[in-house]
Amino acid sequence: MVEVVLIVGPAGVGKTSVANELSLQLRAAGVAHAVVDTDALDDVFPVPEEQWRLTERHLAAVWRSYRELGTERLVLTGVRLDEPDERAWIRRATGPERLTAIRLDAPVATLERRVREREIGSGAAAQLERTRAQAEALHAAEGLVMIETDDRPVADIAAEIRALLGWSGHG
C-alpha cells in the first residue's frame, strides 16, 4: 500500500529537520521509505508560468524510481502541499492509497528567529517577509493534524508523526 505523508508549514517551522529526523528513526526501525523536499523539484529560473506542472513531472519521475526499489512510503515536505490543488498533483504523481497531511506550527517570533539564523545571503529580508506571509495564510486552514514545534525536540516531533502514521518497525 502506497502511503504519502505531507509535512507542511511556513519557512522556519522545521519541515526539513523533522523529515530528516523521521527518516533516521524509520531507518533505525527498518522501515523502507523515501524523503523528498519539493523545493528541490522546481528550483529553476526563470520560474515557469505553471510551476506545479514541472514539480509534478519531477516528482512522478523520482517516485517511479523509488517504487522500482519497492518503496511504499513517501515523506514530502513543502509549504502548501496540503492545499487541494497541491494534493491533486501529488496524487497524480504518486498514486497513494493513503495521503496524510501534517502541518507544523510555531509562533511567528520563533519562525522569524529561525529564518534569521539560517538565511545569511542577499535574500534574507525577502525570505523573512515570505515567512511572515506564509504563517499568516497557513493559520487559516482547518481540518489538518497540527503539531507545535516551538520548544520541542525534533526527535519527539518525528516520533509523534511515526505514531500517528503507524509506521513502526516493519519493512
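Quick look at the values:
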{"read-out": "For a label point 7 Å along the Cα-to-beta-carbon line of MET146, residues of the range 83-115 with backbone N under 12 Å", "value": "103-107"}
{"read-out": "Sequence-distant residues sharing a close amide H with ARG73 (under 5 Å, placed H)", "value": "GLU3, ALA34"}
{"read-out": "Phi-based couplings in Hz for the range 108-120 (Karplus 6.51, -1.76, 1.60; Gly and Pro marked x)", "value": "4, 4, 5, 4, 4, 4, 5, 5, 4, 5, 9, 8, 10"}
{"read-out": "Point-charge dipole on Cβ atoms (K/R +1, D/E -1) for the chain, about Cα centre, debye to 20", "value": "400"}
{"read-out": "For the range 3-165, with +1 on Lys and Arg beta carbons and -1 on Asp and Glu, the positive-most of ALA163, GLY70, ILE7 along the dipole", "value": "GLY70"}
{"read-out": "Local net charge near ALA60, Cβ-Cβ under 14 Å (Lys/Arg +1, Asp/Glu -1)", "value": "+3"}
{"read-out": "Mean ellipticity per residue at 222 nm, deg cm²/dmol - from DSSP H runs of n ≥ 4 across the chain, formula -39500 (n - 2.57)", "value": "-15000 deg cm²/dmol"}
{"read-out": "Low-density loop positions, GluC sites (Glu not before Pro), the range 6-114 - DSSP coil, at most 15 other Cβ in 10 Å", "value": "GLU49, GLU50, GLU97"}
{"read-out": "Calculated FRET value between ALA126 and ALA61, using beta carbons and R₀ = 22 Å, to 0.05", "value": "0.15"}
{"read-out": "Sequence-distant residues sharing a close amide H with ARG152 (under 5 Å, placed H)", "value": "none"}
{"read-out": "Length-normalised contact order of the chain in % [C-alpha pairs under 8 Å, at least 6 apart]", "value": "40"}
{"read-out": "Estimated vicinal HN-Hα couplings, Hz - the range 30-39 in sequence order (Karplus 6.51, -1.76, 1.60; Gly, Pro = x)", "value": "x, 9, 5, 6, 9, 10, 9, 8, 5, 4"}
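Rule-based calculations on the coordinates, nothing more; no lab input. Computed from a predicted structure; not experimentally measured. Glycine gets a Cβ as well: all are built from the backbone with ideal geometry, and neighbour counts include every protein chain shown.
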